Amino acid sequence: MTRSLALRGLLRNQTFILFLTLVAFIIIVSSLSSHFLTLSNLLNVLQQIAVVGIITVGMTVVILSGGLDISVGTVISLSASVTAVMIGNGASVAVAVIAGFAIAVVSQVVNGVIISLTKCIPIIITLGTMSIYQGFALLVTGGYTHNLQGAFQFLGRSDVLYIPVPVLVLVAVNILVFLLLKYLKFGRRVYVLGANENAAFVSGINIIGNKILVYTVHGVTAGIAAMVLVSRVGSAIAVMGTGYELRSIAAAVIGGVSIMGGEGTILGAFLGVVLLGLISNALNILNVPSSFQNVALGVVIVLAVIISTMGSKRK
Amino acid sequence: MSGRPRGARHPVPQKEHVKLLEIRGLTKTFPGVVALENVDFDLSAGEIHCLVGENGAGKSTFIKVLSGALAPDRGTLRLFDAEYQSLTPRQAIDLGVQTVYQESILVGTLTIGENIYLGHENLTRTGFFDVSSTMRRARELMVSLGIGFNPRTVVSELSTAERQIVGIVKALSKDARILVLDEPTASLSSSEKEMLLGLLRTIAAHEVGIIYISHHLEEVFEVGDRITVLKDGRRVSTHEGKTVDRELLIREMVGRDASLFYRREPAEPSANRPKNLRVENYTRKGVVDGITFEVAGGEIFGIGGMVGAGRTELVRLLFGLDTRDAGRLLYDGRDITPSTPLHAIRHGLCLITEDRQKTGLILVRSVKENVSIARLALKAGPFMNLREEDGVVSDIVRQLRIMTPSIRQEVVNLSGGNQQKVVLAKWMLTDADIFLFDEPTRGIDIGSKEEIYRLMTSLASQGRIVIMVSSDMPELTSMSDRVGIMRGGRMVCILERGEISEEAILSHSIGAIQR
């Protein structure tokens, strides 16, 4: 009786389902190709998912708090462009990186302030700011590609102890935010806000302040991701971040983060990122055309949403 | 009112009227509550049959069964010579049972005519919406009822009363043979009420049967051909509207065997000097009007009144949840008027809200998180002490005997009573001095009820302030030291200990007795 209950609990646990899926997926693909399950390929996958993985951490915090952000792709573009343009114009790397990073944080704080003060729907507000930040990115770059000319390679192109730095950053950001959600009062409030804002308010929680804080955290992770991205690519264009918003939302949802807010974990979202990365890597190795890869990605997202809705306690 | 001879009202049916509805032995239970028990009811064409009773007497459940929203456990409904065990909403409408609720459901951006025929539009031969015939039919229908509205007026321009009337016309447009009205006059002025009651008589004269539900006995006496009293889900009696004795009716609406109820142990006077709470001139325009009263430490102050009298709004204001237009809150002479809940919590207030699922609990999160949330709001610094938290939460869970397999269990999986105890635990950990309870035992089982009463009593005996809004008569009479009665946003009187009775509370609540 208790055992069957525990089993049912596990099957309801989306992180666990995801873990099983990952294992099954790895077994199947590695039986199809000997290139898949090798240390160098797996490190390669981790490096490929580093940027989206870092963004997903912030996005997860936002979604957990009952928010959403579709402007993050253009925030990445703007932030990376600012850094690249400054380096191209002879600014020191440190100043350029701090400026680019700060732009990302400020952009998200703006999102947070508007969303928390106006109580408007986050998806619509960030649809608007998305366009604003895209416009700024185009203004900053003038529409050209800006090369770093070999400067600022550390964050994107170097290894520490044979491990690529982007992977280290990815792991560090995940651990840091995991700890933040677990041990800080702020972390508790993220969940509470997302699960029931009214009850949170009655219980003495400062809704506006905490929402702004949520988007600030998101801005910090987006800024880090932008710096890793620009360093790895070695140049910046005004649309380099396009698409990260959808992939990070998808990864979080696949990872069991409820799109309604209040439920989900950093670990789950991370597994979601890994699954997406492995799928696209496997399809590459198996020589599946990229148009089919889009179809596969879409199918996985739809399945994940169906599974998470079926398991939801809020039906 | 009413020095007027009863015979001057609309003509009492002379000829044999068709029986529209016969209900026999209607029973409906919810977990822990019998909402309706063996209720008989009938209605003839052209008759206005009023249904009266306290909050929670079963009126709403009755309407829901009749409109097909709920299936009864037992009993039969005989509608126009056919017998049914239960109805679906579709069936009810097709049979001509139309229900008009307090808040009429109209689309503000459409015209009166469009609203009336919304969902059964007149179409032209080519399948388009036929504006001219719609407007003509709407006008004809309204004229037949003595209403002179222009059907092309946009609904958002209408007053509440006018909307209410359009809602009724809309119901009638679907060939209603039985019209059910649930508190239609709750937000109307007296002249508007007159207009509405006049309309009802006209409708009844068209051989429609009307079931009229109201707290306002005045209206019931004015329009009712017959009056049925419900109490605790049972039909107490059915009277002829002309002959009924008003005092008798009120007695029938209340009156209950008090021995069934929790008896509060007499409070022992606290050793410390009690601190007083003074509520001064609390006002929010259109909702709560100049409320002033004082509660002594160690006292349970009940607030009674009908639904919509402004009671919930008052405690929300006291807690700083809504913005007030005027008012001060003084505790022990100190001004603690809160403007936000956080502010209120810091000053030792807490609010057990009426709707614990919406505003009391984070349903999908754990017992621990729910119990801890307000306590954490008071703590300085960004960190939580998880080990201390586990201890504190486990202690209070044990102390309040919250039945949960673990403090990590999501609150959504607990019973109503245990959920309410989680809310209480949350506030007890903030060391609150002033407890505002809004319907503290709504929807919870008898056992948990008793435990919550015992808790309230012990809070009071520790010298704390307890203010309790309740629609539950026995709860109000047996728990309160004093009861303030609210009506129309004002506190119309405060009953002292010796004066508290169900009759007194009810008659002040509905304004049957002028002081």
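The values are calculated or read from the model by the stated rules, or taken from the named source; none is laboratory data. Please read all numbers here as calculations on a predicted model, not as lab measurements. Reconstructed Cβ throughout: ideal geometry from the backbone, glycine too, with neighbour counts over all protein chains shown. What goes into the accessible areas is simple: the full protein's heavy atoms, side chains included, and nothing from ligands, DNA or RNA. Shrake-Rupley method; radii C 1.70, N 1.55, O 1.52, S 1.80 Å.
With Cα atoms as the point set, the stretch B:274-399 shows a radius of gyration and Dmax of 16.7, 48 Å. Distances longer than 28 Å among the Cα atoms of the stretch B:275-510: what percent of all pairs is that? Roughly 29 percent, once rounded to a whole number.
Thinking of the stretch B:461-515 as a set of Cα atoms, what percent of all their pairs are more than 19 Å apart?
Of all Cα-Cα pairs in the stretch B:461-515, 24 percent lie more than 19 Å apart.
Gyration tensor analysis over the Cα atoms of the stretch B:105-174 returns equivalent ellipsoid semi-axes of 19, 13, 10 Å (largest first, whole Å).
Calculated accessible area for the stretch B:105-174 comes out at 51 Å² per residue, all protein chains present (probe 1.4 Å; ligands, DNA, RNA ignored). Sequentially through the stretch A:204-221, phi angles give Karplus couplings (6.51, -1.76, 1.60; θ = phi - 60°) of x, 8, 6, 5, 5, x, 5, 5, 4, 4, 4, 6, 5, 4, 4, x, 5, 5 Hz, Gly and Pro residues having no value and appearing as x.
Contact-buried residues of the stretch A:169-189, at a threshold of 10 Å² lost accessible area versus the chain by itself: A:Lys182, A:Tyr183, A:Leu184, A:Lys185, A:Arg188, A:Arg189 (1.4 Å probe; DNA, RNA and ligands ignored). Heavy-atom accessible surface of the stretch A:147-190, averaged per residue, reaches 54 Å², computed with a 1.4 Å probe. Within the stretch B:275-510, DSSP assigns beta bridges of which about 50% are antiparallel (rounded to the nearest 5). With only the Cα atoms considered, chain B has a convex hull volume of 184 Å³ per residue. Over chain B, DSSP H runs of length four or greater, each weighted -39,500 (n - 2.57), average out per residue to a 222 nm ellipticity of -9500 deg cm²/dmol.
Measuring gaps between exposed loop sites in chain B (GluC sites (Glu not before Pro); DSSP loop; at most 16 other Cβ atoms within 10 Å), the longest gap, sites not included, is B:208-495. Computed over chain A, the percent of Cα pairs more than 23 Å apart is 58.
Comparing each chain alone with all protein chains together (probe 1.4 Å, DNA, RNA and ligands left out), the residues of the stretch A:199-247 losing at least 30 Å² of accessible area are A:Ala199, A:Phe201, A:Val202, A:Ser203, A:Gly204. Looking at chain B, the DSSP beta bridges with both ends there are about 55 percent antiparallel. Remark: accessible area buried at the A-B interface is about 2300 Å², both chains counted, probe radius 1.4 Å. Over the stretch B:275-510, accessible surface divided per residue gives 36 Å², non-protein components excluded, 1.4 Å probe. Given in Å, the Rg to one decimal and the Dmax to the nearest whole number for the Cα atoms of the protein assembly as shown are 32.6, 103. For the stretch A:188-315, dividing the convex hull volume of the Cα atoms by the residue count gives 131 Å³ per residue. For the protein assembly as shown, the share of DSSP beta bridges that are antiparallel, to the nearest 5, is 60%. Sorting A:Cys120, B:Cys50 by solvent-accessible area of protein heavy atoms yields A:Cys120, B:Cys50, largest first, with a 1.4 Å probe. With all pairs of different C-alpha atoms in the average, the Kirkwood value for the hydrodynamic radius of the stretch A:67-163 is 14.5 Å.
Residue by residue through A:256-262, how many Cβ atoms from other chains fall within 10 Å of the Cβ on average?
What the average comes to for A:256-262 is 1.
Taking the accessible area of the stretch B:275-510, probe 1.4 Å, and keeping the other protein chains in place, the carbon and sulfur fraction comes to 46%.
Tell me the carbon and sulfur percent of the accessible area for the stretch B:105-174, rounded to whole percent, probe radius 1.4 Å.
Carbon and sulfur: 54 percent of the exposed surface of the stretch B:105-174.
Note on exposure: B:His206, B:His17 ranked by accessible area (1.4 Å probe, complete protein assembly) read B:His206, B:His17, with the most exposed listed first. Taking every protein chain into account, the 1.4 Å probe leaves B:Val412 with about 50 Å² of accessible area, to the nearest ten. Panel note: contact residues of the stretch B:359-381 (accessible area lowered by at least 20 Å² against the chain on its own; 1.4 Å probe) correspond to B:Thr359, B:Ile362, B:Val364, B:Arg365, B:Glu369, B:Ile373, B:Leu376, B:Ala377.
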